[in-house]
Amino acid sequence: MSASGGTKAILAALVANLAIAVAKFVAWAFSGSSSMLAEGVHSLADSGNQGLLLLGGKKAKREASEEHPFGYGRERYIYSFLVAIVLFSMGGVFALYEGYLKISDPHELKNWYWPVGVLLFAIIAEIFSFRTAIRESNLIRGSLGWVQFVRRAKAPELPVVLLEDLGALVGLVLALGGVLMTMATGDGVWDGIGTVCIGVLLVVIALVLAVETKSLLLGESADPAELEHIRTAMVDGDTVTGIIHMRTLHLGPEELLVAAKIAVAHDDSAAEVARAIDEAETRIRQAVPIARVIYLEPDIRRG
C-alpha cells in the first residue's frame, strides 16, 4: 500500500466527519432526536479515529533505535487497534445507551426538517469520503474481493476507513429511517429503535476491526504470492540448492523480515557461501522490495 493513498483517504474522511458532526449536533439541539445525538457522537468518534490513524502513521516513521532495533512500523497497528476501542466505546456503547433511554421515555420529535436535512447532507458527504477510500483501495487490492482485502491487508488504514465509512453510511440510513418512522407514526420509540440499531452496527464493526488488527499486532507472515517470489529468488540452483525452512514476519505494513536456513553443498568454501548469501539477499529485495531485514543461515541438508 502506498502511504500517500492511505493518508488521502484518512484526510477525506476527517474533513467529512468534522463537518457532519457539527451539523448533527445542531440538528439534535433543534429537534431533540436521539438518533441525531448518537450519530453526532459517532461522527465525533470517527474524527478522533482519523486523528489516531494520522498520529500512528507519523510515529511509525521514526528511525530504529537501540531499544527498538526493528523500528516503529507496528505503531500503525497499535493506533488502528485504538480506533476499534474508541469506535466500540464512544460510538457503539453510547448509541445503545441513548437508544435505551429514548425507548424507555419516548418524546415528540421537534423541527423534523432539521434532522432530515442534516442526514441527507451527511449521506452526500459520506458518499464522497467512501468513494475516495474505494478509489484508493482499488489501486492496491488487485483481484482480491473486498472481504479478502480487509482480512489480508497489511496496512490497516484503508480497511479501517472503508469499514468506518460503510458503517457511517448504513448508520445514516438507519437514523433517517428512525426519524421518518417517528414523523409518520408520531411515536418517538422509532427514533430510539433507530439509535439502538446504530449502536449494534458500530459494535459489530468495532469487533471486526479489533479481530483483524489483533492479528497484525501478533505478527503476520508475507502474502502467499510474496512467499513464492522469495522462495524463487532465494534459490539459484548453484550454491544455494534449496530452502530447509523459512519464516517471514511483517515488522510494519511496508517492512518484512525474512529468516531462512538455506541448503549449500558440503564442499563449498566459506567465501563461496558468503557470496551466495549476498547474492540471494539482493535477488530477494529485487523480487519483494519490502523485504528489508533478511537473515540467511547456511546449512547442509540431511536426510
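Could you grab me the full set of residues in the stretch 17-59 that are open to solvent by 10 Å² or more (accessible area, probe 1.4 Å), in contact (Cβ under 8 Å) with a residue 40 or more places away in the chain and small (Gly, Ala, Ser)?
If the condition is that a residue be open to solvent by 10 Å² or more (accessible area, probe 1.4 Å), in contact (Cβ under 8 Å) with a residue 40 or more places away in the chain and small (Gly, Ala, Ser), then Ala19, Ala23, Gly32, Gly48, Gly57 are the ones that fit.
For the stretch 121-136: of the residues being closer than 26 Å to Ala27 by Cα and open to solvent by 40 Å² or more (accessible area, probe 1.4 Å), which is nearest to the chain's Cα centre (by Cα)?
Residue satisfying both the conditions and the ranking: Phe130.
Picking from Ala233, Ala222, which residue would you name as being assigned to a loop (DSSP other than H, G, I, E, B) and open to solvent by less than 40 Å² (accessible area, probe 1.4 Å)? Outline the logic, then answer.
Working: Ala233 fails: assigned to a loop (DSSP other than H, G, I, E, B).
After applying the criteria, what remains is Ala222.
Only one of (1) more than 21 Å from Val150 (Cβ to Cβ); (2) out of contact with any strand residue (DSSP E or B) (no Cβ under 6 Å at 6 or more places or on another chain); (3) crowded, with 16+ Cβ neighbours inside 10 Å is not met by Ile284, so which one is it?
(2)
Among (1) at pLDDT 85 or above; (2) in contact with a Leu (Cβ under 8 Å, 6 or more places away or on another chain), there is one condition Gly188 misses while meeting the rest; what is its number?
Among (1) at pLDDT 85 or above; (2) in contact with a Leu (Cβ under 8 Å, 6 or more places away or on another chain), the lone unmet condition for Gly188 is (1).
Being among the β-branched types (Val, Ile, Thr), at negative phi and more than 21 Å from the chain's Cα centre (by Cα), is that true of even one residue in the stretch 150-173?
Scanning the stretch 150-173, I find at least one residue that is among the β-branched types (Val, Ile, Thr), at negative phi and more than 21 Å from the chain's Cα centre (by Cα), so the answer is yes.
Restricting attention to the stretch 266-275, report how many residues are out of contact with any strand residue (DSSP E or B) (no Cβ under 6 Å at 6 or more places or on another chain) and crowded, with 16+ Cβ neighbours inside 10 Å.
1
Residues of the stretch 178-197 being within 23 Å of Ala45 (Cβ to Cβ) and either outside any helix (DSSP H, G or I) or open to solvent by less than 10 Å² (accessible area, probe 1.4 Å) (or both), which ones?
Passing the criteria: Gly178, Val179, Asp191, Gly192, Gly194, Thr195.
Take the residues in the stretch 3-55 that are hydroxyl-bearing (Ser, Thr, Tyr) and in a helix (DSSP H, G or I); name whichever of them is farthest from the chain's Cα centre (by Cα).
Ranking the qualifying residues of the stretch 3-55, first place goes to Ser31.
Would you kindly identify the helices (runs of 4 or more DSSP H) lying entirely within the stretch 68-177 that contain at least 3 residues that are closer than 18 Å to Met36 by Cα, touching a residue at least 40 places away in the same chain (Cβ under 8 Å) and not aromatic (Phe, Trp, Tyr)?
Fully inside the stretch 68-177 and qualifying: 94-104, 113-141.
For the stretch 237-257, name all the residues that are crowded, with 18+ Cβ neighbours inside 10 Å and small (Gly, Ala, Ser).
Once the filter is applied, which keeps residues that are crowded, with 18+ Cβ neighbours inside 10 Å and small (Gly, Ala, Ser), the stretch 237-257 yields only Gly252.
Consider Ala260 against the criteria (1) over 38 Å from the mean Cα position of the chain (by Cα); (2) surrounded by 17 or more Cβ atoms within 10 Å (Cβ to Cβ): it satisfies all of them except one. Which criterion is unmet?
The one condition Ala260 does not meet is (1).
Does the stretch 61-75 include one or more residues that are open to solvent by 20 Å² or more (accessible area, probe 1.4 Å) and within 14 Å of the chain's Cα centre (by Cα)?
Among the residues of the stretch 61-75, at least one is open to solvent by 20 Å² or more (accessible area, probe 1.4 Å) and within 14 Å of the chain's Cα centre (by Cα), which makes the answer yes.
All but one of (1) in contact (Cβ under 8 Å) with a residue 40 or more places away in the chain; (2) closer than 22 Å to Gly199 by Cβ; (3) surrounded by fewer than 20 Cβ atoms within 10 Å (Cβ to Cβ); (4) not hydrophobic (A, V, I, L, M, F, W, C) hold for Thr7; state the number of the condition that does not hold.
Answer for Thr7: the failing condition is (2).
The values are calculated or read from the model by the stated rules, or taken from the named source; none is laboratory data. Values in this document were obtained by computation on a predicted structure and should not be read as measured data. Quick reminder, even Gly has a Cβ in these numbers, built from the backbone with ideal geometry, and neighbours come from all protein chains shown. Heavy atoms of the whole protein, side chains included, go into the accessibility calculation; ligands, DNA and RNA do not. Shrake-Rupley method; radii C 1.70, N 1.55, O 1.52, S 1.80 Å.
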